[in-house]
1. Sort 183-195, 605-617, 67-79 for me by packing, meaning the mean count of neighbouring Cβ atoms within 10 Å per residue, highest on top.
2. Please work out the Cα convex hull volume for segment 545-656 and give it in Å³ per residue.
3. Between Arg96 and Thr719, take the C-beta separation as r, use R0 = 60 Å, and let me know the FRET efficiency to the nearest 0.05.
4. Given Cβ point charges of +1 (Lys, Arg) and -1 (Asp, Glu) and nothing else, what value in debye, to the nearest 20, does the dipole of the chain about its Cα centre take?
5. How much length, in nm to one decimal, is gained on full extension between Arg543 and Arg121, taken as 0.36 nm per residue of separation minus their Cα-Cα distance?
6. Cα to Cα, under 30 Å, and not fewer than 8 places away if on the same chain: which lysines meet these conditions relative to Lys540?
7. Would you work out which of Leu375, Val393, Gly405 lies farthest towards the positive end of the dipole of segment 370-432? Charges go on Cβ: Lys and Arg +1, Asp and Glu -1.
8. Can you give the Rg to Rh ratio of segment 578-721, both from alpha-carbon atoms, with Rh computed by the Kirkwood formula?
Amino acid sequence: MTARWMLALTAAIAGLALDAAAELSLMDLAKRGDPEAQYLVGVAYLEGKRVPRDPATGIRWLRHATSQQHTEARFALAAAYRDGNGVPQNNAGAARLFRDGAIARHPPSQLELAKLYAQGRGVAQDDAQAVELINLAAWQNLPAAQALLGEWFYLGRGVEKNIDRSYVLLSLSGDAITPDGRKMLEEIDEKLNDGERAVLHRAVRDYRVNRPHLIERLSPLRKFPIVAREESDGESLLESDQPEALSAEDLSKLERAESLVEAGLGESDHQERVEVLRLADAVLLVDNGNPRALLVKARVRIAAGQPRQAIEGLRDAVARRPNWAEAHFWLGSSLEQIGELGEARDALTRALQIDPVRTTARQALARVHFAMGDLGAAEIQARLYLAEDPSSVAMRDVLFDSLIGTDRKEDALRMLQALRDEERDASVRTAMGRIYLDLGQTRAARAELSRAHAAEPHQPDTLRGLLELDIAEDRLSASVARIGAALKLRPEDPALHRLAGWAAAHGRRLAEAERSFQTALGFDRADIESTLRLGDLYTKQGRGDDAIAIYERALIAVPDAAEVHYRLGRMHQSRGEVARATERFEAAIRYDPANGRSKRDLATLLAEDPQRIARAFALALEARVLLPNDPALALLLGTVHLEREEYLEAIRYLERAEVHLEGDERRQVQYLLGRSYVANGQTALGRETLERALAGVGARQAPPAWAERARETLARLETVR
């Protein structure tokens, strides 16, 4: 925004508060596309501030501003949807807008989305998700979120009940405390003795003295947790250890074992592990099932690379001490290591419910959510962690990959652009270059990728991005030289050989490409990309048997490779081997239910069997959701609807297919479409469409099978005339 516009906008805003006539100048700015002005005009009309109240007009301007990513406008629009102010009430729409704001780290949006989760309005009721969002808003210093979190600690809702934390949070929330919260605070205070009250008052005072930013609403420093850390044993704030039924001697053994574990045990620290196990077993002889001793033994096994053996003891520990965040964390971490992701998620979530500032559990939970494909949850956990530790490369990577996985490249790019130049290592610059490339900003892409390559000349991801640029800009020889130099540095890197094969294939050096892909597979039999590229190479050369062989070999190494199953299905389908093709398409769908092409091609095969037409139709509908613009699917669905005498539906799909197909395929669609028009009583349109289809056939010696049927239909229509 120019300085002149900024002055005009400032004057208009000031004028709006004083005189309704000033709204006209603000409206001028709004009409010129300024999102801040559009937001202010929208709020003015929505609330009737110095202008006649006109909610419909207000909503329209808020939508304009929201379309330009104006945060406050999006929040106001979401609130309008939630409350039915100027629009019909739409909780689901409100949730979507609040979610966009929450992802953009707008604390009020995070809090309001949390309330919708808590109430089950517009989203499935989910206290765990709600408390995560409340935490996120509270950690960014929204007093209302701090007050609500204090109430939830008091009630034990979504978190482990903790009166001490409730007292501290409610005391810190200041004027944002609700009447219910104030009542809770008073009830807690009444039950405290002088010593307890002094401890809690000191905790509140220490926050205000040492961390005043936590209670200053306008402070820009809003990255600290709202409750104190207690890193030593993972217990809750101001919570003391449970009493142990051990003698002083046995307690000393247990503490010695714990100190050795905390000091760190590697796989090579054999003597230390033996000593810890001896001490823990001595305690367990006296107190069978002692949870601290069980945890010590489990951690020794984890350090020795034996997470499976650790899990049974950890389950016993959490069963005997259910509110111990430390045990839940180690159980979740062990389950993550063996791939039991669902249970790992539950254990780590429980650890955070008990101790919301246990950052190690939050880091692990972000990884687990990402591995499970729940990218939205992974993003939230990664953001929560980064609010605590902005320097974490691992969590930055999870957040970045979550954004990319949800196709929010611009958000991912903004995240990387916010890093200081010294923080942008080769991997960051490569990621930025790849996003610029996807966004079509080739100059910026080459600049970032070139800087990354200069720092690390052997990295495949960097070389891949530069190869894509060089292919598009007819500079292939530059990439060939780069990849060759990288192979001299790392001659056994399959990814580099794969890139060499890709470059050779583009340069039409097919024998060289084949050798490179085969070399890559020699180093890594599970290299699916090399498998697919080599299979494509063979197919284009008419070497179908070699393509099938390479695909089948890949499935020995990676049985669940859905794309390989699909490619094999296509090969068998092209050879008329229906049973084998069906088997492969079914496998592709089983391993990847979102594989729309497999559903489409399997539906096409099954549609030829009258006994399986129902399954074919169901698959085609599922595929249509995944491939909404696929003309082959439109043709298939139109054909099935025609056979079922559902003519209007047939016409709808066939009209779409006709637009996207050419040649004989298009003429076949026109024949089916003509039949559908005739059957639906649109005789003139049907006749015209059939004639158009036949005109394309001409006087061929071997016309398509449908042509004769089209002529018969036209002849029958002539007799009716």
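1. 67-79, 605-617, 183-195
2. Output value, Cα hull per residue: 92 Å³.
3. 0.55
4. With only Lys, Arg, Asp and Glu charged at Cβ, the dipole is about 2380 debye.
5. 146.1 nm
6. Output for Lys540: Lys599.
7. Gly405
8. Rounded to two decimals, Rg/Rh equals 1.02.
Throughout, read-outs are computed from the coordinates displayed, never taken from laboratory work. These numbers come from a predicted model, not from an experiment. Positions of Cβ are generated from backbone atoms using ideal geometry, with glycine treated the same way; all protein chains shown enter the neighbour counts.
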